[in-house]
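Everything below concerns the one structure shown next.
None of the figures in this text is laboratory data; all of them are computed from the coordinates on show. Every value quoted in this text rests on a predicted model; they were computed, and no experiment measured them. When we count neighbours, we look across all protein chains shown, and the Cβ atoms used for this are built from the backbone with ideal geometry, even at glycine.
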Amino acid sequence: MLRLEEALWDLYEDLVTVSPSLKFQVNALSLSPISGTPQSDHVRRTGLLHVDEPTLYGSIWAPTIDTRYLRYDQIADWLARLMRIGGDKYMDYGREV
């Protein structure tokens, strides 16, 4: 994760060096299985689903599922950090990381 984050910062810095007025933003999304699919059933059976709110589960904007390495809240924090790369001037994330 840190390697990806560092690589994106390096890319941003290189691009801004070439074009200082460049508007650069990372669009970090969360993958969630679609309700009613075998993957969705598996997530529920294994206890990885933490937020079973229909307006959030299945959303690409709000992580609701743990992975093997990160909890859903850690994923949300990481996505927020990624979206800050180059985008602080344009976005209000509402959450301090």
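Structure above, values below:
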| read-out | value |
| --- | --- |
| Label point distance in nm, VAL51-GLN25, each placed 7 Å from Cα along Cα→Cβ | 2.0 nm |
| Packing-based ranking, highest mean first, of 26-39, 70-83 given that Cβ atoms within 10 Å are counted | 70-83, 26-39 |
| Phi to ³J(HN,Hα) by Karplus 6.51 cos²θ - 1.76 cosθ + 1.60 over segment 70-83, Hz, x for Gly, Pro | 10, 7, 4, 6, 5, 4, 4, 5, 5, 4, 5, 5, 4, 6 |
| Gained length - ARG81 relative to ASP14, 0.36 nm times residue gap less alpha-carbon distance | 22.2 nm |
| Size of charge dipole - segment 2-84 - debye, nearest 20, with Cβ of Lys, Arg +1 and Asp, Glu -1, no other charges | 160 debye |
